[in-house]
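Structure, as structure tokens:
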Amino acid sequence: MFAVFVTGTAGSGKSLLTSKLMQWYNDLGAYPACLNLDPGVVSLPYEPDLDVRDYIDINDLMANHHLGPNGSLVVASDMIAARLAELQNEIDVLNPDYLIIDTPGQIELFAFRASGPYFVSNLQAEGKAAIFAFDAAVVSNPINFVSISLLAASVRLRLKTAQINVLTKTDLVPEKLREILGWSSSIASLESALDQEKNGEYSLLSKDLARAIVRGGFAHTLIGVSGLTMSGLVNLSAALARILNQGEEVTG
Ligand SMILES: Nc1nc2c(ncn2[C@@H]2O[C@H](COP(=O)(O)OP(=O)(O)O)[C@@H](O)[C@H]2O)c(=O)[nH]1
Ligand SMILES: [Mg+2]
């Protein structure tokens with residue numbers, strides 16, 4: 001089994017991408033399964049095969065521990081690691097080719113508390129990869145692009161696993177798409193976009209950060225995908241196969 005963690009900021013398209021990866025691998029003839037790790041999610045664009053909400057009930061936490069919605073989400077996230085053994089049993093029974101793991105809406109609950117990195121390192125799988133979603137609607141401005149790139153690098157440092165950076169919602173930015181992808185593959189084009197920013201102080205600061213990200217080896221060409229049209233899924237699954245299985249897709 002190969003495990004794919006789908007991470008990114010709230011609303012960046014993680015859950016829709018999870019559902020499309022399921023569809024993609026099903027269409028290939030492989031056996032994918034999906035795990036929802038978001039204890040607070042109300043509705044999902046897919047039917048999870050495994051669901052942390054079966055183990056942790058946010059409403060119970062709020063009622064029994066006198067917590068508000070945010071406090072209960074924090075406690076719930078911390079409880080996820082404690083339920084890993086039970087989840088692992090359920091995963092082993094299903095024994096899928098690919099386990100697609102949709103992570104909590106708020107990235108800090110997964111990546112920046114203890115339980116997410118614990119879960120990533122202790123889940124038993126033949127290969128593991130993380131996807132980090134760059135929301136095209138957010139990163140169409142070069143300063144935002146640098147800011148989200150920093151967050152992606154930070155998640156990489158926390159999860160300590162191979163990571164693929166993906167540009168989601170490409171269908172929303174048809175005119176800007178080539179330019180945004182260009183920023184991810186060429187520091188010169190990112191710097192020239194930052195030069196055109198009106199605020200000189202933030203332009204300079206962003207350029208320094210962008211260079212540090214490149215120097216640190218955190219900059220990778222983004223793979224553009226759309227959860228609406230499924231464009232780019234072929235490139236994403238090829239990139240995942242390179243990390244997980246020496247380039248081989250599992251086709252059933
Ligand atoms: N146009 C478009 N909308 C998207 C795409 N991916 C997600 N969305 C929308 O963006 C919103 C947030 O997506 P969701 O998958 O729930 O994000 P999550 O919070 O990261 O799980 C939803 O309204 C989705 O329908 C995409 O590729 N294209
Ligand atoms: Mg979601």
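Side notes on the structure shown:
- Of all stretches in the chain that contain no GluC sites (Glu not before Pro) in a DSSP loop with at most 13 other Cβ atoms within 10 Å, the longest one is 1-125.
- Lys128 long-range amide H proximity, modeled H, under 5 Å: Ala3
- From least to most packed, judged by other beta carbons within 10 angstrom and beginning with the fewest, Ile56, Ile100 follow the order Ile56, Ile100.
- Rg/Rh for region 73-130 (Cα atoms only, Rh after Kirkwood) is 0.95.
- With K and R counted +1 and D and E -1, the other residues having a Cβ less than 14 Å from that of Thr161 yield a net charge of +3.
- GNM flexibility winner over the chain from Lys176, Lys20, Lys198 (Cα, springs under 10 Å): Lys198
- Under a Gaussian network description of the chain, with springs only between Cα atoms under 10 Å, the residue in Pro69, Pro96, Pro142 that fluctuates furthest is Pro69.
- Top of Thr229, Thr170, Thr161 by mean-square fluctuation, Gaussian network on the chain, Cα under 10 Å: Thr229
- Percentage, to the nearest whole number, of Cα pairs in region 1-91 over 22 Å apart: 33
- Tail weight of P(r) past 24 Å, computed on alpha-carbon pairs of the chain, percent: 47
- Summed side-chain charge close to Asp38 - residues other than Asp38 whose Cβ falls under 11 Å, Lys, Arg +1, Asp, Glu -1: 0
- Its alpha carbons give region 172-252 an Rg and a Dmax of 16.2, 54 Å.
- According to the Cα-based calculation, Rg over Rh for region 40-184 is 1.00, with Rh computed by the Kirkwood formula.
- Mean residue ellipticity (222 nm) of the chain, computed from DSSP H runs ≥ 4 via -39,500 (n - 2.57), nearest 500: -15000 deg cm²/dmol
- Residue order, fewest to most surrounding Cβ atoms within 10 angstrom, among Thr221, Thr9: Thr221, Thr9
- Using a cutoff of 8 angstrom between alpha carbon atoms and counting only pairs six or more residues apart, the relative contact order for the chain works out to 24 percent.
- Neighbourhood charge, 15 Å Cβ-Cβ cut-off, centred on Leu150 and excluding it, Lys, Arg +1 and Asp, Glu -1: +2
- Legend: calculated FRET efficiency, His66 to Met230, from the Cβ-Cβ distance at R0 = 51 Å, rounded to 0.05, equals 0.70.
- Within a straight-line Cα-Cα reach of under 19 Å, Lys128 can be paired with the following lysines, leaving aside sequence neighbours fewer than 8 residues apart in one chain: Lys14, Lys20, Lys160.
- Couplings for region 106-121, taken from phi via the Karplus curve 6.51 cos²θ - 1.76 cosθ + 1.60 with θ = phi - 60°, read 8, 4, 5, 5, 8, 7, 10, 10, 6, 6, x, x, 4, 4, 4, 7 Hz in order; Gly and Pro are left as x.
We did not get these values from a lab; they are worked out from the coordinates using the rules stated. None of these values were measured; they are calculated from a predicted model. Because the Cβ atoms are built from the backbone with ideal geometry, glycine has one as well, and the counts that use them run over all protein chains shown.
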